[in-house]
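Here, each number is a calculation from the coordinates, and none is a lab measurement. All figures in this text were calculated on a predicted structure; none of them were measured in a lab. Every residue, glycine as well, gets a Cβ built from its backbone with ideal geometry; the counts of neighbours run over all protein chains shown.
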């Protein structure tokens, strides 16, 4: 409880900044408009496997949105094909796949600043009821818009080993989104620590249309983490004209 209270204390300072709803691995600080939806699908390709995760969000209005994430799906293709699956917490690896409910609230303070408080909470999917474990990722993000299309974000996170595997469960996440042209953006994010989610992903984003974005990045794991390097592909689909609202 002290850790969660610390998050609320740090981040009680923040406006709406529009762009995409997630960067590669951290929330973007944006809120889905009331009655609209956003869907993001990400695939990480390693030398011996690919990982997939889907992220659906629905806007509730007044700075709130809710959604669902399915993370940890995928398959090994070397040395043989088999689905990614782990319900054995004794291995101290992240449990997978995991279904998470999401909830996020944004507070507005000034036209250049935004603060978001959010959670992703759920359980691993397994046929063995005795192996069901809670998983969560709570976070706070402070966003600063340098100018339209250019912003930076930073904030704390609190998670558990069921979600991120062996390693730290408290850390910092940071990100940026930097408009180069109307079509192209530089973007990237970073999660501190030595758990399975602790990585740096720099990349680019391309606006295919007013409702679709494609992103490409390269995952660089932090030192002493169990992750390998990977190519990251991302697809973003908006249920509204995100440039026109």
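Some notes on this structure:
- Cβ crowding within 10 Å ranks 56, 77 as 77, 56, fewest other Cβ atoms first.
- Part-to-part distance (alpha-carbon centres) for the range 181-245 and the range 92-132, which is given in Å: 18
- Projection of the Cα convex hull of the range 171-245, averaged over all directions and equal to a quarter of that hull's surface, yields 5.6 nm².
- Chain lengthening between residue 152 and residue 66 when straightened (0.36 nm per residue, less Cα-Cα): 28.7 nm
- Segment residue 182-residue 112, length gained on full extension (0.36 nm per residue, minus Cα span): 23.2 nm
- Set against the 2.2 N^0.38 Å expectation for a compact globular protein, the range 65-157 has a Cα radius of gyration ratio of 1.44.
- Here, the range 123-211 has an Rg and a Dmax of 16.8, 52 Å when only alpha carbons are counted.
- 184, 37 arranged by Cβ crowding within 10 Å, fewest neighbours leading: 184, 37
- Radius ratio Rg over Rh of the chain, counting only Cα atoms, Kirkwood formula for Rh: 0.95
- Between residue 88 and residue 218, the distance separating the two model label sites (each 7 Å from Cα on the Cα→Cβ line) works out to 3.5 nm.
- As a rough footprinting exposure proxy, the listed residues 197, 90 were ranked by other beta carbons within 10 Å of their own, and the order from fewest upward is 90, 197.
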